[in-house]
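Since the structure comes first, as structure tokens, the remarks are kept for the end.
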Amino acid sequence: MSFGEQPAYLRVAGDLRKKIADGSLPPHTRLPSQARIRAEYGVSDTVALEARKVLMAEGLVEGRSGSGTYVRERPVPRRIARSGYRSDGGATPFRQEQADVAVRGTWESHSAQAEASGAVAERLDIEAGERVMCTKYVFREAGEAMMLSTSWEPLAVTGRTPVMLPEEGPLGGMGVVERMAAIDVVVDNVTEEVGARPGLAEELSALGGVPGHVVLVIQRTFYASGRPVETADVVVPADRYRVAYHLPVK
């Protein structure tokens, strides 16, 4: 193979990908069989199989037991707005955005005390093993799971206070800024880092994805005078949503 030349299986996968993109192979159409790919492209069975694996890993096709491999319907990505802290009503940004009845957003959560893992402890600037309140969320739009979130708050900050449980008490369901203010902790900064990775099995099960699908992960941390008081991982299916930021110029 000369320099710059693609392996045969990538060339085959690229041509099939193009046909899927231009509609020559529309959604729910059966992908050409391995024998047909071999004959049409003049390649071996191994190359044909590897090309199909590439398309499956990219989420363009899916296998159906006893039937074959079919082109997946590609959803039109919807937007998830991330516009930083907004004080209107004190609700979290998701709750503010879902207030529109046309969106029909719902969510469920569960909180439990836990020991901070090494990674979480580093993000919260505490010792590994220190107690934290871990809250897991599933956010839904029109009944469809569209976002997962896991947050951690150091109990050294919130323990034995009215806001120890994020979704209970007088400020249950309010944003981190309002809850912390109620215990005289002034949040003055928030950071978000966005990355992508293959979804974990439990994440994809909850979000309706298939193995190999990519998710966007937003690592968010709230600070009060430089001290982290909450950190969270927000997980979004990359093929169904786009994260849009509105950053006002001061």
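The values are calculated or read from the model by the stated rules, or taken from the named source; none is laboratory data. Treat the numbers as computed from the prediction; the structure is a model and nothing was measured. Cβ sites come from the backbone with ideal geometry, for glycine too, and all protein chains shown count toward neighbours. Surface accessibility is based on the protein's heavy atoms, side chains included, excluding ligands, DNA and RNA. Shrake-Rupley method; radii C 1.70, N 1.55, O 1.52, S 1.80 Å.
Things worth noting here:
- Solvent accessible area, Å² - residue 148, 1.4 Å probe, full protein context: 30 Å²
- Helix-only mean residue ellipticity at 222 nm for the chain, each DSSP H run of n ≥ 4 adding -39500 (n - 2.57), per residue, nearest 500: -7000 deg cm²/dmol
- Length available on full extension from residue 142 to residue 76: 0.36 nm per residue minus the Cα-Cα distance, which gives 22.2 nm.
- Local net charge near residue 171, Cβ-Cβ under 12 Å (Lys/Arg +1, Asp/Glu -1): -2
- Across the options 217, 146, 174, the greatest Cα extent toward the positive end of the charge dipole of region 78-245 (unit charges at beta carbon of Lys, Arg, Asp, Glu) belongs to 146.
- Only the Cβ atoms of Lys and Arg (+1) and of Asp and Glu (-1) were treated as charged; on that basis the dipole of the chain about its Cα centre amounts to roughly 1060 debye.
- Label zone of residue 150 (point 7 Å out along Cα→Cβ, amide N under 14 Å): in region 174-199 this covers 199.
- Residue 11 contributes about 120 Å² of solvent-accessible surface, heavy atoms of the protein only, 1.4 Å probe.
- Where labels lie 7 Å past Cα in the beta-carbon direction, separation of residue 189 and residue 223 in nm: 0.2 nm
- Charge tally for residue 13 (other residues, Cβ to Cβ under 13 Å; Lys, Arg +1; Asp, Glu -1): +3.
- Accessible area, probe 1.4 Å, largest first, for residues 125, 15, 188: 125, 188, 15
- Accessible-area order (highest first, 1.4 angstrom probe) of the listed residues 111, 65, 149: 65, 111, 149
- Pairwise label distance in nanometres, residue 167 with residue 39, each label 7 Å out on the Cα-Cβ vector: 5.6 nm
- Sequence-separation-based contact order of region 97-246, relative, with Cα cut under 8 Å and 6+ spacing, percent: 20 percent
- Within-14-Å neighbourhood charge of residue 134 [Cβ basis; K, R +1; D, E -1]: -3
- The mean of 1/r over all pairs of different alpha-carbon atoms in the chain, once inverted, gives a Kirkwood hydrodynamic radius of 20.9 Å.
- Contact order relative to length of the chain, as percent, for alpha carbon pairs under 8 angstrom and 6 or more apart: 17 percent
- Length added when fully stretched, residue 6-residue 197, from 0.36 nm per residue minus Cα-Cα: 66.3 nm
- Maximal additional length on extending the residue 245-residue 131 stretch stands at 37.8 nm, based on 0.36 nm per residue less the C-alpha distance.
- Here region 113-250 was treated as a single set of alpha-carbon atoms; its pair distances binned every 5 Å from 0 give 2, 10, 17, 20, 19, 16, 11, 4, 1 percent.
- Within region 8-71, all pairs of alpha-carbon atoms sorted by distance into 10 Å bins from zero give the percentages 24, 60, 15.
- Highest-first arrangement of 170-180, 238-248, where packing means the average Cβ count within 10 Å: 170-180, 238-248
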